1. Can you tell me the length gained on complete extension of the stretch Leu178 to Arg228, counting 0.36 nm per residue apart and subtracting the Cα distance?
2. Using a Förster distance of 41 angstrom, determine the FRET efficiency expected from the C-beta separation of Thr414 and Thr191, and round it to 0.05.
3. If the only charges are +1 at each Lys and Arg Cβ and -1 at each Asp and Glu Cβ, what is the size of the charge dipole of region 239-388 around the Cα centre, to the nearest 20 debye?
4. Among Glu161, Glu69, Glu297, determine the one that fluctuates most according to a GNM of the chain built with springs between C-alpha atoms less than 10 Å apart.
5. What's the center-to-center distance, using Cα atoms, between region 135-170 and region 280-326 in Å?
6. Using unit Cβ charges (K, R positive; D, E negative) and no other charged atoms, how large, in debye to the nearest 20, is the dipole of the chain about its Cα centre?
7. Short version: what are the Cα gyration tensor semi-axes of region 239-388, square root of 5 times each eigenvalue, largest first, in whole Å?
8. Determine the gain in length on full extension of the stretch Ala35-Arg113; use 0.36 nm per residue of separation and subtract their C-alpha separation, reporting nm with one decimal.
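Readers should treat all values here as calculations from the given coordinates under stated rules, not as data from a laboratory. Note that the structure is predicted; figures quoted are calculated from it, not measured. Here the Cβ positions follow ideal geometry from the backbone for every residue, glycine too, while neighbour counts run over all protein chains shown.
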Amino acid sequence: MRQTLSEKNADVTVMIDRLGRQAKSAAGVLALASAKSKEKALRLAASALRCRSAKLLTANAADIAAAKEKNLSAASIDRLKLDPDRIEAMAVGLETIAGLPDPIGEIMASWPRPNGLIIQRVRTPLGVVGVIYESRPNVTADAAALCLKAGNAVILRGGSESLRSAQVIAEAITEGLLKADLPEYAVQLVTTSDRAAVGALLQLQNYIDVIVPRGGKSLVERVMVEARVPVFAHLEGLCHSYVHQSADIDKARRIVVNAKMRRPGVCGATETLLVDRKIAPAILPLLAKDLNQAGCELRGDAETCVIVSQVIPATEADWSTEYLDAILAIKIVTDLNEAIDHIARYGSHHTDAIIAEDKQAAEKFLTEVDSAIVLHNASTQFADGAEFGFGAEIGIATGRLHARGPVGVEQLTTFKYKLRGTGQIRD
């Protein structure tokens, strides 16, 4: 007999509740686990992942085939795709995180009080982390590794497009945990593609301590609206590169092409290019040529269309669109102040860059642009935890509470106070 929708939802809720209970129990063990055992688990997981390379490629090929049947964009398929180099990069990422200093137990500050009490602020795990993400399979490995290193249990809910790949990666992580004598439920993957699983996770306040969403605008908005647990906000990557009038033209050309076209589908890809009016006639034809040769579609304001005839006229919607594709919006601005104002109006507080030789202008941009990551003379595609030396990241948090920017091992911890006395009592 076919199940009704309410029966299916009930089954999903029961499953998610079970994962939550198991994760809570595992978190208690992980909080006390030694740095050595966590490092061992991650190194063994890296080895297990390499051993599963052929199996993972087969699973990923099935994911890719299904994605093509759904007519997903080329950029979406690129985010989904694995090859031997990307699998090796995942394994190296696990080993890199394994080798990071263990944050748990770190004394963040210590001070004496006049009454003789000694107070310490000590880093501790968050507990259970729920990670909801879309199609990139490597997030499964990165999120599991970061949470484990920080002493947290994690429940992973990836996108349906990458479920086959994620299951193989999760198998490797579980093997590492078991061989290191750590609880297998420290890392759990939600194995259903039913969207009800997301809703159930967001209601799991008795077991989950924080939710980290990583994906498109609709996913993040749903999480922010429905979650009954704290959320590390990760809004869309509406990133800007601004070419100041003092920019070195050759440097700007290299940076802009990389910022847009290295991987157009990542959240750190530049979506809008702002160009100072004084330099626009000289640099825009060169940038348009470079970007067209790289396969990028250009949409520009009226001034841009006059300077470069092959540019498609932009609409108001282009300034607030995260394309995640080989499309770039271009706007000419009067000066640095207008560039900052444009970013404040249309940006998502993610990652924004200035290309300039004028250091004073660069410092003004870095100070006044209110984004989690701001860069001078560098590609916005450096918005990546590995590039920050974090080993990897779960996502780029764009909120202001607890974590901002790449969410790595340290950002997945909290702290408590330890007070040591000699018999003090309070008057």
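1. Details: separation 50, 0.36 × 50 = 18.00 nm, distance 3.18 nm.
Working it through step by step, the gained length comes to 14.8 nm.
2. Working: r = 29 Å, r/R0 = 0.72.
The computed FRET efficiency comes out at 0.90.
3. I would put it at about 420 debye.
4. Glu69
5. If you average the Cα positions of each part, the centres end up 36 Å apart.
6. Charge dipole, the chain, about its Cα centre: 1480 debye, nearest 20.
7. 20, 17, 15
8. Contour length minus Cα-Cα distance gives 25.0 nm.
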